[in-house]
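One structure is given here, and the rest of the page talks about it.
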Amino acid sequence: MGTLNRRDFLSSAAASAALGTLVSSTFGIQDSPAIDGPIAISSANGLRATAKAVEMVSQGADTLDAVIAGVNIVEEDPNDMSVGYGGLPNEEGIVELDSCVMHGPTCEAGAVAAIRNIKTPSRVAQLVMQRTDHVMIVGEGALRFARAHGFAETNLLTDKARKAWLRWKEQHSDSDDWIPAEKSGFGDSRSDVASKLPFTYGTITCSVLAPNGQMSGVTTTSGLSYKIPGRIGDSPIIGAGLFVDNEVGAAGATGRGEAVIKICGSHTVVEAMRHGMSPEEACLHAIKQIAKTTKIKRLRRKDGKPNFDVKMYALSKEGQFGAASIWSGAKFAVYEGGRNRLEDCAHLYTRDS
Ligand code: ASP
């Protein structure tokens, strides 16, 4: 990965200026170098989203409608416990969802955060973009806005997620009044698969590039499990959990949101691409910044490396794509060249075990 020198910067600036002259009248859409077909990139839980987004874009759908329809599949799936319906709840057992969207052609964005009872926060975020003069609405206001637009309310806490939350609640302290089943003398709940799920993070992000050069992206999540009510991560924050610049590319993030917010992760990735880095280099650049700025002891291992993971995903205007994580072993989903598949993320550190 190279740092940008003055000559690279000037030539990329000159290239952007030249491309700027190709802007068309309707939306400020610029022509794009030819790509074979639509390309979509997503987090590893997003294979169905990339397939749907590519299918819709191929049929002429708007790029934002396409990625939102893609992530809706995962938002509505009770088996993905990191997104939408079935997501793990906050510390009080209530599911709170975060999402943002960005529409490349119009440079518009919308977001909702800490919204309850609505299965598809990404669609509410799109309406914030389309039907208000705001970019972000949170909490009760977001729910009222969704109600005004006719969204059905649902209890988002599935039985599986409730059991996982209950187990966390009963186990996380010895000095409160909650007793895990195995210590109660009334049975052992360890056989419950849901209650043993180890993860506390999870999200879906998905971006697409259409052959006409239009791009859009979406990120949606139930966020950090068992969070303090009202906690908002990076996912609904434009520039952190998602950023799209129709003239450069799109980026999204998953993992520890607090770390992503502090380096404006997705914006950092898109800016690095603007200045000449490939998507993978740009993701690694942001990941390195996270590692470098993680200074407090409780977030570092003994060797100084972060004790958490973050993954960044990027798709360039030219149809290049890539992803990077702090720790090895991560994958991302990509639909490109007619093939939908998981690929390895580049990484900063190799997991010891
Ligand atoms: N980034 C999300 C958050 O911090 C969670 C995740 O992606 O794992 O809320």
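The values are calculated or read from the model by the stated rules, or taken from the named source; none is laboratory data. Predicted, not measured: the structure shown is a model, and the values here were computed from it. When we count neighbours, we look across all protein chains shown, and the Cβ atoms used for this are built from the backbone with ideal geometry, even at glycine.
Things worth noting here:
- The residues in region 289-298 that are part of a helix (DSSP H, G or I) and out of contact with any strand residue (DSSP E or B) (no Cβ under 6 Å at 6 or more places or on another chain) can be counted, and the count is 5.
- Any hit, region 196-219, residues being within 16 Å of the ligand (Cβ to nearest atom), in contact with a Lys or Arg (Cβ under 7 Å, 6 or more places away or on another chain), modelled with pLDDT under 90 and among the aromatic types (F, W, Y): yes
- Single match in E182, E258, E247 (criterion: more than 16 Å from the ligand (Cβ to nearest atom), on the phi < 0 side of the Ramachandran plot and modelled with pLDDT of 95 or more): E247
- Of the criteria (1) more than 9 Å from the ligand (Cβ to nearest atom); (2) under 27 Å from G139 (Cα atoms), which one I232 fails: (1)
- Meets criteria (free of Cβ contacts under 8 Å to residues at least 60 places away in the same chain and not charged (D, E, K, R)) for Q126: no
- Selection status of E280, of a type outside the set (K, R), more than 12 Å from the ligand (Cβ to nearest atom) and under 20 Å from G104 (Cβ atoms): no
A quick yes/no check of all residues on (1) at negative phi; (2) among the charged types (D, E, K, R):
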position: G110; (1), (2): yes, no
position: G139; (1), (2): no, no
position: F145; (1), (2): yes, no
position: A148; (1), (2): yes, no
position: R162; (1), (2): yes, yes
position: W165; (1), (2): yes, no
position: D174; (1), (2): yes, yes
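- Residues of region 239-282 satisfying the condition of being part of a strand (DSSP E or B) and in contact with a strand residue (DSSP E or B) (Cβ under 6 Å, 6 or more places away or on another chain): L242, F243, V244, G249, A250, A251, G252, A253, T254, G255
- Residue satisfying condition, being farther than 20 Å from G202 by Cβ, touching a Leu at 6+ places or on another chain (Cβ under 7 Å) and surrounded by fewer than 24 Cβ atoms within 10 Å (Cβ to Cβ), within set E280, E247: E247
- The criterion of at least 2 residues that are among the basic types (K, R) is met, among helices (runs of 4 or more DSSP H) falling completely within region 41-136, by 47-58, 121-131.
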